[in-house]
Amino acid sequence: MALSIDSSRARRSYTALRELVLAIRDSGDPGAEHHAIEWKSELDLSTKEGQFAVARAIIGLANRTVANAARHFEGLGYVAVGVTVGAAAGTKQWDGADLEPVLAAYLGPDGPVWHHDNIDVDGASVLVFTVESPRRGDRIHTLRKSFSSSTGKAAGQDGDAYVRRNARTERANSAEIRALEERLLSESGQPRLDLDVAASGEKEPVVVALDLSESAVAAMVDHERSETIASGKPGGKELGSIAMASLERPSPEALEDYLGEWQHHAPDLFRAAVLRWPDAPKARISVHNPGEEAIESMKVTVVFPARVEPHLEPVDPVIPERPKSALGGLSTLPQHGLRPFMQTLRKSQLPGSPLIQQRPDGRWEVRFSPRSLHAHQTTVLEDVTLLLPTTDGDQVEAALVAEVRITASNRSGLVRNELQLFPTRAIPPWAAGLSPKPIEDAAEPE
């Protein structure tokens with residue numbers, strides 16, 4: 001039985017790739033491998049055998065003719081590791097920083113363009129490689145490093161060209177080499193992607209180092225203790241439009257329970273305060289098209305370094321409810337300027353808006369989908385507030401680097417770039433208005 005999946009469109013999103021893995025698992029036919037899909041039930045990519053097997057499959061998919069590739073998934077090819085008919089046993093989750101160097105040894109720095117995703121199925125992680133569509137004018141891709149397994153069952157020589165033949169990856173014969181020569185020599189209908197990526201504005205993207213140290217949290221807990229006690233006195237200070245002064249202070253036990261809950265949620269309250277801070281610096285990235293033709297359907301992925309959290313909007317933290325007075329007076333709800341987000345429509349739900357997700361290695365990435373970029377036009381991606389939680393005060397890393405990857409539907413190749421991020425010194429939450437002292441007395445970011 002053939003794979004039950006719509007192959008008329010490219011599959012790039014996490015959901016679409018998961019559907020692909022499920023179609024393999026549920027196909028019911030071990031011989032149903034597809035011209036554009038190869039799968040491996042078990043493969044250890046930490047070994048040379050596993051690395052060679054995946055590199056060989058990627059080369060085979062990249063060496064398809066343009067016409068044959070275009071029949072399925074808009075030319076994309078896929079290699080799935082950790083799934084077979086009837087089961088998705090999974091494999092180790094991989095980070096690109098570890099995976100790309102080992103495969104580059106066999107594929108070369110100018111080899112096929114690919115990327116990978118770790119897809120969760122049945123509680124296991126299936127590794128899916130997406131190989132970009134072949135284009136007219138593409139070179140013939142070959143193995144760049146010889147390999148021979150200890151058992152002698154698999155071997156490849158530097159310079160071997162592989163192709164997809166009858167849904168299998170084989171060494172190219174003379175006729176297939178000739179077809180690839182024709183692809184190389186034909187006029188390229190889609191020039192290679194050529195874009196400039198840079199920080200937008202006068203300053204480089206800034207990371208807000210957020211002070212979550214014990215001293216910062218303790219200062220805010222002490223402040224909240226004072227405010228809560230004050231709210232229990234007749235005529236006490238109001239903290240919000242629905243706050244009312246109680247007639248008696250809360251009991252010591254209720255106060256301590258409340259402050260313990262407040263301390264537990266303090267990091268999220270601090271994040272919310274900074275994200276609502278009008279002066280919080282933003283990271284802005286621009287993409288420029290220096291060419292004479294428009295770029296269609298760009299996909300921009302920015303991967304941020306470890307510990308850096310990207311935010312496109314305010315967060316909706318849990319705000320503990322102040323305890324009622326001993327006489328049963330109305331409880332007070334401190335607003336701290338954080339309540340208005342309950343009905344906020346998340347930007348990630350809007351068509352064409354960025355998508356934020358956490359990678360298996362713990363790093364966060366943001367995927368943007370800008371519209372067409374006309375010749376000589378520059379587009380500025382949506383502002384991102386970058387937070388770097390720190391628990392050691394002013395101790396902040398000197399330099400951080402974000403990875404940028406861009407593809408486009410009417411261009412071949414992949415743009416890779418790195419952007420340096422510049423962290424501020426650790427900012428306490430009262431600098432953003434959640435304050436036991438006046439904002440003007442707080443440390444300003446450097």
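Each row is one residue, and each column tells you yes or no for (1) modelled with pLDDT of 90 or more; (2) within 26 Å of the chain's Cα centre (by Cα).
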| position | (1), (2) |
| --- | --- |
| A10 | no, yes |
| R18 | yes, yes |
| D29 | no, no |
| I37 | yes, yes |
| D44 | no, yes |
| A62 | yes, yes |
| A67 | no, no |
| H72 | no, no |
| A87 | no, no |
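Any residue at all in the range 50-63 that is farther than 16 Å from L127 by Cβ and of a type outside the set (A, V, I, L, M)?
Yes.
For the range 270-305, the set of residues classified as small (G, A, S), touching a strand residue (DSSP E or B) at 6+ places or on another chain (Cβ under 9 Å) and in a loop (DSSP other than H, G, I, E, B) consists of A280, A294, S297, listed by residue number. When the range 277-302 is filtered for residues that are of a type in the set (V, I, T) and crowded, with 22+ Cβ neighbours inside 10 Å, the ones remaining, listed by number, are I285, V287, I295, V300, V302. Taking first residues from the range 364-378 that are under 16 Å from V303 (Cβ atoms) and among the aromatic types (F, W, Y) and partners that are part of a strand (DSSP E or B) and open to solvent by 40 Å² or more (accessible area, probe 1.4 Å), the Cβ contacts under 8 Å between residues at least 6 apart in sequence or on separate chains come to W364/I356; W364/Q357; W364/Q358; F368/K299. Which of the residues spanning the range 40-50 are open to solvent by 20 Å² or more (accessible area, probe 1.4 Å) and either acidic (D, E) or in contact (Cβ under 8 Å) with a residue 24 or more places away in the chain (or both)? Selection gives K40, S41, E42, L43, D44, S46, K48, E49. In this structure, H141 does not satisfy being part of a strand (DSSP E or B) and not hydrophobic (A, V, I, L, M, F, W, C).
Just checking, does the range 351-373 include any residue being more than 25 Å from S13 (Cβ to Cβ), at pLDDT 85 or above and either in a strand (DSSP E or B) or open to solvent by 60 Å² or more (accessible area, probe 1.4 Å) (or both)? No: the range 351-373 contains no residue that is more than 25 Å from S13 (Cβ to Cβ), at pLDDT 85 or above and either in a strand (DSSP E or B) or open to solvent by 60 Å² or more (accessible area, probe 1.4 Å) (or both).
Pairs meeting the criteria (first residue in the range 65-84 and without any contact (Cβ under 8 Å) to a residue 60 or more places away in the chain, second residue among the aromatic types (F, W, Y) and part of a strand (DSSP E or B), beta carbons under 8 Å, at least 6 apart or on different chains) are V79/W39; V79/F129; V81/W39; V81/F129. Report, by residue number, each residue of the range 228-245 that is out of contact with any Gly (no Cβ under 9 Å at 6 or more places or on another chain) and either at pLDDT 50 or above or of a type in the set (V, I, T) (or both). Once the filter is applied, which keeps residues that are out of contact with any Gly (no Cβ under 9 Å at 6 or more places or on another chain) and either at pLDDT 50 or above or of a type in the set (V, I, T) (or both), the range 228-245 yields T228, S231, K233, I242. Being surrounded by 17 or more Cβ atoms within 10 Å (Cβ to Cβ) and touching a strand residue (DSSP E or B) at 6+ places or on another chain (Cβ under 8 Å) is a property that V81 has. Across the range 89-106, which residue is nearest to the chain's Cα centre (by Cα) among those that are under 24 Å from H35 (Cβ atoms) and not aliphatic (A, V, I, L, M)? Among those residues, the one meeting the criterion is T91. Among the residues of the range 94-138, those that are assigned to a loop (DSSP other than H, G, I, E, B), under 27 Å from R9 (Cβ atoms) and open to solvent by 20 Å² or more (accessible area, probe 1.4 Å) comprise W94, V113, D122, E132, R135, R136, G137, D138.
The values are calculated or read from the model by the stated rules, or taken from the named source; none is laboratory data. Just so you know, these numbers come straight off a predicted model, no measurement behind them. Reconstructed Cβ throughout: ideal geometry from the backbone, glycine too, with neighbour counts over all protein chains shown. Just so you know, the surface numbers come from the protein's heavy atoms only, side chains and all, with ligands and any DNA or RNA stripped out. Shrake-Rupley method; radii C 1.70, N 1.55, O 1.52, S 1.80 Å.
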